[in-house]
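Below: one structure, written as structure tokens.
The values are calculated or read from the model by the stated rules, or taken from the named source; none is laboratory data. All values derive from a computational prediction rather than experimental measurement. Using ideal geometry, Cβ is built from the backbone for each residue, glycine included, and neighbour counts are taken over all protein chains shown.
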Amino acid sequence: MIAALVAGITLGTAGANMMPVLLDDFVARFGLSPSTAGLLAAGQLLAVALATLAFARRATRPGRAALAQRGLLLAAGGAVTAALAAGPLLLILGNLVFGAGLGAVYAATTAALAAVADPDRTASLSIGITVITTALLLVAVPMAGPGNGFPLLALCCLLVLPLTPSLPDSPTEAARGARPPLVLLLGMGLLAAASQGPWSYAAILGRDTGLPADAVTGILALSAIGPLAGAALSPLVARRLGRGSTMLLLMAGQAVSMVLLVLGLGPAVFTLAAVLWQAFQVALLIQLLAAGSEVDGSGHLVAMLSGAGAIGNALGPLLAGPLLQYGGTLTFGAAAALATVLATLPLLRMA
């Protein structure tokens, strides 16, 4: 079961988590400007978001494994199309199909989290292992060479297919979850946008500090240490301080480290901020998923929150590109930190 959850979450978030290296590949292959590349990235992530929301209700019913399997096949086809693209139009089409497939996988997997007995432990373990696999992919994609990121992701989709039958299938509650309050979905979307915007441009921000491209790639992989610590400590801190106090602490830590990441204060600060920011972000995500699973055992709330977060992931690069280009790093960092604080406040209602 854990292997299926890890695989589903890893691939369901692959577009967002791999965006720094994928976005660099867009720019290198087609000579796109940062703003244009951001639009392309936003299209892929928006496809993930809309598909996640579209399949959120379906994911509360039996048949999650079949839904995940169809999503994996669709994502693999889109990745192959994007890899073979000779121009921007086919790349856009492949991106959209890839994103739609990942959205179906993400809806099925996150809804399955609500069917387990201990959502805190399962979310922590699943996301912790997901962090490791994502770090490996962040290293593997650049090593594969320009244009080989999508073929590698297509192969991953096909390799995961045999794991999907072990996804928890039946909801733990007979009743289906009610429609989540809009304020929760807006908060989750804003939080994801405030996180994905800076992360999508992390490679560019790192090079602006004077680091070579290879060093930036290594630092982004090294930053996986932070999420591992966050995944391990998040449930322990929540049991000691309570979920609400833990979420407030993680929100403050994420906002401060985000500002340090984008200010370009040097390689050492960039490295430290990347590690801390990833730790706080993942720890907060675990708390949100666990809280949503406890509020609605059908999985509908968790799937809808995941979809709202995916919309935020799509809007993040779209908003971050022009803000970084015309407002500068100081404005960019302050806006992202403020958005993090404003987004977390309504989500505390689930604590």
Only unsatisfied item for residue 334, checking (1) within 17 Å of the chain's Cα centre (by Cα); (2) modelled with pLDDT of 80 or more; (3) of a type in the set (A, V, I, L, M, F, W, C), is (1)
Of (1) surrounded by fewer than 23 Cβ atoms within 10 Å (Cβ to Cβ); (2) over 22 Å from residue 203 (Cα atoms), residue 228 satisfies every one except (2)
Of those in region 201-246 that are at pLDDT below 75 and of a type in the set (S, T, N, Q), the residue nearest to the chain's Cα centre (by Cα) is 223
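Checking the condition modelled with pLDDT under 90 and closer than 23 Å to residue 132 by Cβ, which residue from 102, 113, 91 passes? I'd like the intermediate steps shown before the answer.
Details: 102 fails: modelled with pLDDT under 90; 91 fails: closer than 23 Å to residue 132 by Cβ.
Among 102, 113, 91, only 113 is modelled with pLDDT under 90 and closer than 23 Å to residue 132 by Cβ.
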Filter region 61-101 for residues that are surrounded by fewer than 19 Cβ atoms within 10 Å (Cβ to Cβ) and among the charged types (D, E, K, R); the one that is nearest to residue 19 (Cα to Cα) is 70
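Residues 57, 70: which one is charged (D, E, K, R), free of Cβ contacts under 8 Å to residues at least 40 places away in the same chain and over 12 Å from residue 167 (Cα atoms)? Let's see the steps before the verdict.
Values: 57 fails: free of Cβ contacts under 8 Å to residues at least 40 places away in the same chain.
The unique qualifying residue is 70.
Among the candidates 130, 164, 134, single out the residue that is among the polar types (S, T, N, Q), in contact with a helix residue (DSSP H, G or I) (Cβ under 7 Å, 6 or more places away or on another chain) and at pLDDT 85 or above. Walk me through it before giving the result.
Working: 130 fails: at pLDDT 85 or above; 134 fails: at pLDDT 85 or above.
That would be 164, the only listed residue that is among the polar types (S, T, N, Q), in contact with a helix residue (DSSP H, G or I) (Cβ under 7 Å, 6 or more places away or on another chain) and at pLDDT 85 or above.
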For region 192-209, pairs from a residue that is crowded, with 24+ Cβ neighbours inside 10 Å to a residue that is assigned to a helix (DSSP H, G or I) and of a type in the set (Phe, Trp, Tyr), with Cβ under 6 Å and 6 or more apart or across chains, are 206/270
